[in-house]
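A quick write-up on the structure given underneath.
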Amino acid sequence: MKNLEKLFAELSVQKLQNQTRRHFLMDCVSKVGGLALAPLLFGCEPGTSAKAPTGLNLSERDLNPLAPLAPPFMGKAKSIIYLHMAGAPSQLELFDFKPELAKLHDQDCPESLLEGRKFAFIRGVPKMLGPQAKFSQHGESGAWVSDYLPHFSKVADEVAFLKAMHTDQFNHGPAQLFMQTGSPRLGRPSLGSWVTYGLGTENQNLPGFVVLTSGGKTPDAGKSVWGSGFLPSVYQGVQCRSKGDPVLYLEDPSGMSRDMKKNVISAINQVNKEDFEAFGDPEILARINQYEMAYRMQIEVPEVMNINDEPEHIHELYGTKPGEESFANNCLLARKLVEKGVRVVQLYDWGWDTHGTDHDGSIDMGLRNKCREIDRPMSALLLDLKQRGLLEETLVVWGGEFGRTPMQENREGKVQGFKGRDHHVDAFTMWVAGGGIKKGASYGITDDFGFSGVDERTSVHDLHATLLHLMGFDHEKFTYDFQGRPFRLTDVEGELIRKILA
Amino acid sequence: MDFIVPLFGRFHPILVHLPIGFLLFGVLMVFLSKEKDSGHSQSIQLAFFVGSVSAVLASISGFLQYHYEGFSWETVQFHLALGALTTVTGFYLTWDFRKTVNWTSFRWKSFSLLVLLLFTGHLGGNITHGEEYLTELLPDGLRRLLGDSTDAEQGLTLPESGWEDLKYYENVVQPILNSNCKSCHNPRNKKGELDLSTLEGLKKGGENGVVFHANDAEKSELFSRLVLPSDDDDHMPPKEKRQPQKEEIELIKLWLETGASFEGTLGEARPAVKLLDPFFERLEVPFYPQTELAEVSADSIAALKKMGFFVEPVHLGSALLKVSCLNFPDFEDADLSKLSSLGGNLAYLDLNDTQISGEILSQITAFPNLTVLKLNSTLIEGKDLATLQQSPNLKHLYLNGTQINPEDLAALESLPALEKVYAYDTPLSGNPAVKKFRFSLETGGYSLPPIPSDTIVY
């Protein structure tokens, strides 16, 4: 008996000795993994948290995550076209007329403006830079628009200006993320994803959220600006190209006929269906639906993305040239997509970062060229939406991610070869038009130099709150449960900008 | 030891449940017994006796609570009287039970005790929870039937222009107090002996004296208690009640800081417009007709979706529906019968790019609440528009890309609600023969003529 006890004691000592650091780490891995798995199994997985505001019919949404849903409240608009000028256009050359700034041209910037401020590139004491454009008032509303945008000045009565927008990010990437997702850090869903999640999409043969880019580059923040963050990835923006195949690999490979494709898909779906009967996982149904939608999209997408069939007067209006990647083509596409029931169309035009380091980046030349590229198309977009009655139900938003300084940029303390302005967070101009927006309104007043807003300032969250309101949401109640708490597009901020509502 | 007596008063809400339980149990036993001597007599007697004794305790504590807690006589009089009557009836039944011979009449007496008990309890509940405690959850129709007014205490509302001339106290402060404080601080229910429903009451203050001091908001309990942390016992309104908006608190503060005048105007206090903005009255005319309709069943909506229609309520909870044939391009005249069951529920119908003919318009009258009708790029003809005249709620009519002629539009003039007609890309576009109509007509055909700067590259 005694021997047996001894034997056990030895065994347990041996076992302890054999328990090495590696075993410990191994244990840790499996147990931490288990911890991570627990919330996935029982916690906030998307299916259970969708209770939010949408009151959705779960079974229908399970089958088709893009199934349309009624908005919680009566929305004024049902789609959004967001024109984002990546790089941030200068409000001081376009909409915010500051005659006082002209008087200070080339003088040292007053210390009071610089105190406690940080700029992306300006160091020391920069010179002030007067407005480089000629301003005049337009339309019945008397909106100030510069000669950089001669066509837009004719439609200025259609829009509401936000002249004292402010943000808190002075670098492009974070500022673009903030403007599009409500947070300067990665991981949040974009405005378009929120709206698509909340409302689904009407046309079942097209994506709900389409992204079009122009200007040669995509935004600095990368594709996260139209990402779905913690929302299911089906709500992210689908980037389409205005040149070549609208969606890569949309066409069947040569030798693959439409019928053969159909057979392949129905075979896959048959297998999936049997899988669903065995396991009952709704994700499988969603997958079946995705295959079918992709098959339908193959027909509808090339059709809607083809601008060749538009009449000549429409091409003249927009200044479109089929076959090239341009902001004009994208504007026309945006109208076509919205007409076909697409929920959100997001346009990014790159090339607005006018620091004055080269010709293209100069306020008096490069900026004018950029303005010419967008002036006619965006004015045409407003007119075209208007004449079709689509402007009643569509929101059009225009703006950059921040503004530009009233001072001339002086990176490395040197005078630049061209006239340019640095990034500026305290004041910039955006405009909104369409469903539920008060035409010809102007909200927000900046100081004499256009340096910061003095009254009616509006934040990025305020803008988001207002856009969601017009789409039929209460931005404080439109939430999604993630990591144990509800998240909002507007985080804990945002107030409705009532003065620009019709 | 002064505290003992008021403390006993505060036990009233607990003690009242004893007589309710015991007496109810007694009455139950009486009704379960077919005759007096059915073996329950001792339990019945005990229940009535203990119930009556506890009713005495409840009555005494109730009276003390009334005396010490600032309830007005008008509020409690009936509750108190009925409570006393219940107690007496309880003792009477205890005594009567022993000698009664007519069991049926005793049962009737017990029943009247039950009625007394219920009424007393209900009146007591009204005092604690407010008279609308039970009715406020009922649907509006039912509430009106019960003679209840359905609009709650009107909060603060201001006109968007001319607010400067309003009296700050009368038109701003008092309405804020009415919607946030009055339910517990009124002449009938004076918590803390404070009445905030009138100017006199406010001036008089409560058990701790005056509640406001001109030019010193921090010292004024009228303000300072509002901004205490919500878990502070002195925080007002109590944390389980609806809390005032932050602008309301700011407006109270501003009133105190600018002299707490009972005569001054709002304009003199120079409030930031942001503070007033949430209270501006905005007359919003609802876009869709206001009707009370039964919702279309989920099954019929699902069936329509299966056929290829897009069908959704105009917003969650609305009975009015939006229907679109966006995913149903083969829709033709005969298919309209599939929608006919929707009737008044159909408010928005999009038939763009479908195969319909003008004849379909005569059937549109089956949808009296139709507000938006889209007929873009269809084969409808101008002469068919005349049949639309029976659509009393039609506001927006889309006729883009159709063969509509100027003379056809006159038929629409008699549509009472019609606001906008879109007729871009029709014979109307750019046609000088189009005259002015009562509704706004959009014929489009915009252009942006080329200008020299279009071609200048810098």
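Rounded to two decimals, the Cα-based Rg/Rh of chain A, with Kirkwood Rh, is 1.08. A simple rule links phi to the HN-Hα coupling: the Karplus curve 6.51 cos²θ - 1.76 cosθ + 1.60 with θ = phi - 60°, which for the stretch B:75-87 gives 5, 9, 3, 6, 4, 5, 4, 5, x, 4, 4, 4, 4 Hz, with x for Gly and Pro.
Count the DSSP beta bridges whose two residues both fall in the protein assembly as shown, then state the antiparallel fraction as a percent rounded to the nearest 5. Don't skip to the end; give the middle numbers.
On the way: 34 of 79 bridges.
In the protein assembly as shown, DSSP labels about 45 percent of beta bridges as antiparallel.
Volume per residue for the stretch A:112-249 equals 197 cubic angstrom (convex hull of Cα atoms).
Taken about its Cα centre, chain B carries a charge dipole of about 1900 debye when Lys and Arg each add +1 at the Cβ and Asp and Glu each add -1 at the Cβ. Legend: calculated FRET efficiency, A:GLU325 to B:PHE119, from the Cβ-Cβ distance at R0 = 60 Å, rounded to 0.05, equals 0.15. The stretch A:183-262 and the stretch B:153-198 have Cα centres spaced 53 Å apart.
Once you charge only the Cβ atoms, +1 for Lys and Arg and -1 for Asp and Glu, what is the size of the charge dipole of the protein assembly as shown about its Cα centre, to the nearest 20 debye?
Result for the protein assembly as shown is approximately 2100 debye, rounded to the nearest 20.
Taking Cα atoms, how many degrees apart are the long axis of helix A:21-42 and the longest axis of chain A, rounded to 10 and kept between 0 and 90? Long axis of A:21-42 versus the principal axis of chain A: about 70 degrees. The residue among B:HIS40, B:TRP108, B:ASN126 whose Cα reaches farthest toward the positive pole of the charge dipole of the stretch B:4-145, with charges on the beta-carbon of Lys, Arg, Asp and Glu, is B:HIS40. Radius of gyration (Cα atoms) of the stretch B:294-349, expressed as a multiple of 2.2 N^0.38 Å: 1.04.
Peptide B:316-328 is shielded by partner chain Cβ atoms: per residue, an average of 3 of them sit within 10 Å of its Cβ.
For the stretch B:41-106, the Cα-based Rg and Dmax, in that order, read 14.8, 47 Å. Centre-to-centre, using Cα atoms only, the stretch B:38-114 and the stretch A:132-176 are separated by 78 Å. Annotation: amide H-H contacts under 5 Å for A:GLN239 (H modelled 1.01 Å from N, sequence separation of 5 or more, or interchain): A:VAL211. Starting from the 7 Å offset along Cα-to-Cβ, what nm value, one decimal, do you get for the label separation of A:ASP455 and B:LEU199? According to this spin-label approximation, the distance is 3.2 nm.
In this structure the amide hydrogen of B:LEU379, modeled in the peptide plane, comes within under 5 Å of the amide hydrogens of B:ILE356, none closer than 5 places in sequence on its chain. Remark on B:LEU158: its backbone amide H falls under 5 Å from those of B:PHE280, B:GLU281, a criterion applied only to residues 5 or more positions apart or on other chains, H modelled at 1.01 Å from N.
Phi angles across the stretch B:447-458 convert, under the Karplus curve 6.51 cos²θ - 1.76 cosθ + 1.60 with θ = phi - 60°, into 3J(HN,Hα) values of 9, 10, x, x, 10, x, 5, 4, 10, 7, 9, 8 Hz, Gly and Pro given as x.
With each run of n ≥ 4 DSSP H residues scored as -39500 (n - 2.57), what mean residue ellipticity at 222 nm is computed for chain B after dividing by its residue count and rounding to the nearest 500 deg cm²/dmol?
Numbers: 13 runs with 158 residues, N = 458.
Result for chain B, helices only: -10500 deg cm²/dmol.
The overall shape of the stretch A:404-502 is oblate: from the C-alpha gyration tensor, with semi-axes ordered a ≥ b ≥ c, the ratio a/c is 1.5 or greater and a/b is no larger than b/c.
Quick one: order B:SER453, B:SER105, A:SER90 by neighbouring beta-carbon count within 10 Å, fewest to most.
Ordered from fewest to most neighbouring Cβ atoms within 10 Å, B:SER453, B:SER105, A:SER90 come out as B:SER105, B:SER453, A:SER90.
Within chain A, what percent of beta bridges assigned by DSSP are antiparallel, to the nearest 5? Write out the running numbers ahead of the final one.
Numbers: 25 of 51 bridges.
In chain A, approximately 50 percent of DSSP beta bridges are antiparallel ones.
The phi-based Karplus calculation (6.51 cos²θ - 1.76 cosθ + 1.60; θ = phi - 60°) puts the 3J(HN,Hα) values of the stretch A:479-488 at 10, 9, 7, 8, 6, x, 8, x, 10, 10 Hz, whole numbers, x for Gly and Pro.
Which links in A:LYS118/A:LYS419; A:LYS154/A:LYS438; A:LYS134/A:LYS438; B:LYS167/B:LYS274; A:LYS103/A:LYS127 stretch past 24 Å when you go from one Cα to the other?
Details: A:LYS118/A:LYS419 20 Å; A:LYS154/A:LYS438 17 Å; A:LYS134/A:LYS438 26 Å; B:LYS167/B:LYS274 19 Å; A:LYS103/A:LYS127 12 Å.
Correct reply: A:LYS134/A:LYS438.
Taking square-rooted eigenvalues a ≥ b ≥ c of the alpha carbon gyration tensor, is the stretch B:4-145 rounded, prolate or oblate, where a/c under 1.5 means rounded and, failing that, a/b exceeding b/c means prolate?
Taking the square roots of the gyration eigenvalues as a ≥ b ≥ c, the stretch B:4-145 is oblate.
Can you tell me what share of the DSSP beta bridges in the stretch B:298-442 is antiparallel? A percent to the nearest 5 is fine. Bridges in the stretch B:298-442 that DSSP calls antiparallel: roughly 20 percent. Annotation: the stretch B:148-271 has a Kirkwood hydrodynamic radius of 14.9 angstrom, from the mean reciprocal C-alpha pair distance. When only alpha carbons are used to place a centre, the stretch A:484-502 and the stretch A:338-377 end up 28 Å from one another.
Rounded to the nearest whole Å³, what is the per residue volume of the convex hull around the Cα atoms of the protein assembly as shown? Walk me through the numbers on the way to the answer.
Working: hull volume 313.7 nm³, N = 960.
It is 327 Å³ per residue.
Just to confirm the number: angle between the C-alpha axis of helix B:41-68 and the first principal axis of chain B, 0 to 90 degrees, nearest 10? Around 70 degrees separate the two axes.
What's the average, rounded to a whole number, of partner chain beta-carbon atoms within 10 Å of each residue's beta-carbon in B:450-456? Mind showing how you got there, number by number?
Numbers: counts 4, 4, 1, 8, 6, 1, 3.
Average per residue, whole number: 4.
Going by average Cβ neighbours within 10 Å, how do the peptides A:265-272, B:69-76 rank, with the highest at the top? Each step should come with its number before you reach the end.
Values: A:265-272: 13.5, B:69-76: 16.1.
With the highest mean Cβ count within 10 Å placed first, the list reads B:69-76, A:265-272.
Its Cα centre serving as origin, the stretch A:363-502 has a Cβ charge dipole (Lys and Arg +1, Asp and Glu -1) of approximately 520 debye.
Could you give the angle, 0 to 90 degrees to the nearest 10, between helix B:298-307's Cα long axis and the longest principal axis of the Cα atoms of chain B? Rounded to the nearest ten degrees, it is 20.
In chain B, Rg over Rh equals 1.18, where Rg is the alpha-carbon radius of gyration and Rh the Kirkwood radius from pairwise Cα distances.
Average partner chain C-beta neighbours within 10 Å, per residue of B:268-277? Can you show the working numbers first?
Values: counts 0, 0, 0, 0, 1, 3, 3, 0, 0, 4.
Taking the mean over all residues of the peptide, I get 1.
When every Cα-Cα distance of the stretch A:186-313 is counted in 5 angstrom steps from zero, the calculated P(r) takes the values 2, 9, 15, 17, 19, 17, 12, 6, 2, 1, 0, 0 percent. Taking 7 Å steps out from each Cα toward its Cβ at A:GLU283 and B:ASP299 produces label points 3.4 nm apart.
Taking 7 Å steps out from each Cα toward its Cβ at B:ASP231 and A:VAL125 produces label points 5.3 nm apart.
Rounded to the nearest 0.05, what FRET efficiency do A:CYS28 and A:MET260 have when you use their Cβ-Cβ distance and R0 = 41 Å?
Here the calculated transfer efficiency is 0.20.
Report the far tail of the P(r) of the stretch B:298-442, meaning the percent of Cα-Cα pairs longer than 25 Å.
Numbers: 2540 of 10440 pairs.
Value for the stretch B:298-442 (Cα pairs over 25 Å): 24 percent.
Shape class for the stretch B:165-236: rounded, because the ratio a/c of the largest to smallest gyration tensor axis (alpha-carbon atoms, square roots of eigenvalues) is under 1.5.
Taken together, the values in this text are just the output of simple stated rules run on the coordinates, not laboratory data. Note that the structure is predicted; figures quoted are calculated from it, not measured. Positions of Cβ are backbone-derived with ideal geometry, glycine not excepted, and every protein chain shown enters the neighbour counts.
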